[in-house]
């Protein structure tokens with residue numbers, strides 16, 4: 001049963017606030033579980049590569065299986081969630097990705113891992129359209145960026161938790177060494193144990209989530225009028241400059257996130273000589289900074305809106321700050337010491353998640369009704385295509401120059417400034433309206 005989001009009596013209003021808080025916790029938890037499940041493979045990449053004799057090309061191909069499926073899932077899941085509704089739809093997607101994650105424990109060949117990575121990418125992609133849709137339904141515009149910042153910290157927090165958790169499981173239950181060799185990490189148990197977290201989340205989501213009768217509290221009469229207006233058609237959505245801008249901006253920036261997420265653990269072990277235990281001890285640091293960036297970016301724009309700034313004007317400033325900050329990651333990576341690489345990844349994580357706290361909120365700011373998840377999914381396709389290009393480009397580069405990572409860090413530092421230019425251009429009319437003092 002749907003419940004009004006802004007009830008008139010105090011008791012109902014308090015109940016709605018509690019439900020919003022619980023929904024936000026669940027969105028955070030889903031994002032966290034999503035990233036734990038996907039990061040198991042990256043953290044165990046070095047020992048799996050050694051056991052199955054995978055080189056950079058094979059590893060890249062397995063990553064590509066996930067990414068191609070993720071691109072398909074970003075768009076397809078948005079459409080399905082807009083049609084099915086979040087309560088049932090999101091639960092089914094979490095169930096599907098948990099089963100796919102657990103399936104890795106049964107894989108015994110390259111083909112088996114490729115199938116599991118594909119299924120995991122296809123289903124995990126639903127998290128972002130679902131979370132964006134829930135944010136648009138339950139949170140007012142002045143609270144959306146902060147709410148997005150909170151649940152989006154689940155991605156970095158998942159990476160923070162995954163590194164020590166996965167390495168602990170893999171080493172704690174490792175097979176004893178044979179004839180003086182190294183212990184064989186219990187990678188099957190690591191996949192199975194982390195995949196089980198999704199079942200607990202599904203029970204809580206079904207019990208708590210309800211769709212509100214109306215979008216969250218409007219800032220002014222213009223907001224209220226637009227909330228009641230009929231949405232544009234899905235076909236028209238593809239031609240909107242806002243959607244094109246979001247697609248291209250995420251195409252330019254998400255490769256940075258994928259680069260550090262996918263290649264950093266493998267790089268630190270194979271090129272910097274870290275052991276699996278040492279990786280678990282330090283690999284969480286950049287993702288902690290990413291958490292801080294997500295919360296800080298969301299809080300920054302939300303506070304501006306509460307002080308009277310138009311919503312899109314506040315988002316524009318938040319996006320610009322990230323674009324200025326990201327190139328400092330290039331400087332941090334000079335010399336390629338372990339400290340420098342961790343510093344580079346930390347700056348990149350902070351800036352990217354600051355950027356994401358505004359960009360992931362824009363679909364709910366720009367559109368109303370049943371198009372929010374679809375718009376978020378379209379932009380997510382751009383993000384994943386960028387990740388595919390980054391993965392293939394990184395693999396090709398390392399095949400040609402195995403020890404030259406520095407140019408990759410330089411490229412990573414330029415994506416966000418480019419995205420700022422793209423967003424400012426394609427959203428210039430909407431931003432101009434905000435600068436003039438209007439809602440848009």
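No value in this document is a laboratory result; all are computed from the given coordinates. Only a predicted model underlies this, so the values are computations on that prediction, with no experimental measurement involved. Ideal geometry is used to build each Cβ from the backbone, glycine not excepted, and the neighbour counts take in all protein chains shown.
General observations
- Relative contact order (%) - criterion: Cα under 8 Å, at least six apart; region: the chain: 26 percent
- Ranked by the mean number of other Cβ atoms within 10 Å per residue, highest first, peptides 137-148, 165-176, 259-270 order as 137-148, 259-270, 165-176.
- Between 356, 30, 114, the GNM of the chain built on Cα springs shorter than 10 angstrom shows 114 fluctuating the most.
- Listed by Cβ neighbour count within 10 Å, with the fewest neighbours leading, 381, 68 appear as 68, 381.
- Of the peptides 56-64, 237-245, the ranking by mean beta-carbon count within 10 Å, highest at the top, reads 56-64, 237-245.
- Ranked for footprinting exposure by Cβ neighbours inside 10 Å, fewest first, 116, 65, 375 give 65, 116, 375.
- The modelled label-to-label distance for the pair residue 211/residue 22, using points 7 Å beyond Cα in the direction of Cβ, is 1.9 nm.
- Mean separation of Cα contacts under 8 Å (6+ apart) over length of the stretch 295-361, as relative contact order %: 43 percent
- Cα centroids of the stretch 384-435 and the stretch 154-173: 28 Å apart.
- The simple spin-label model puts a point 7 Å past each Cα toward its Cβ; for residue 282 and residue 429 those points are separated by 5.1 nm.
- Whole-Å distance, taken between Cα centres, linking the stretch 286-356 and the stretch 130-146: 20 Å
- Residue 11/residue 303 FRET efficiency (R0 45 Å; Cβ-Cβ; nearest 0.05): 0.95
- Helical runs (DSSP H, four residues minimum) scored at -39500 (n - 2.57) apiece and divided by the length of the chain put the mean residue ellipticity at 222 nm at -25000 deg cm²/dmol.
- Comparing 16, 69, 364 in a Gaussian network model of the chain where C-alpha atoms under 10 Å apart are linked, the largest mean-square fluctuation is found at 16.
- Least to most buried among 70, 35, 405 (fewest other Cβ within 10 Å first): 405, 35, 70
- Inter-site label distance for residue 275 and residue 72 at 7 Å from Cα along Cβ, in nm: 4.2 nm
- Calculated FRET efficiency, residue 92 to residue 337, Cβ-Cβ distance, R0 = 60 Å: about 0.85 to the nearest 0.05.
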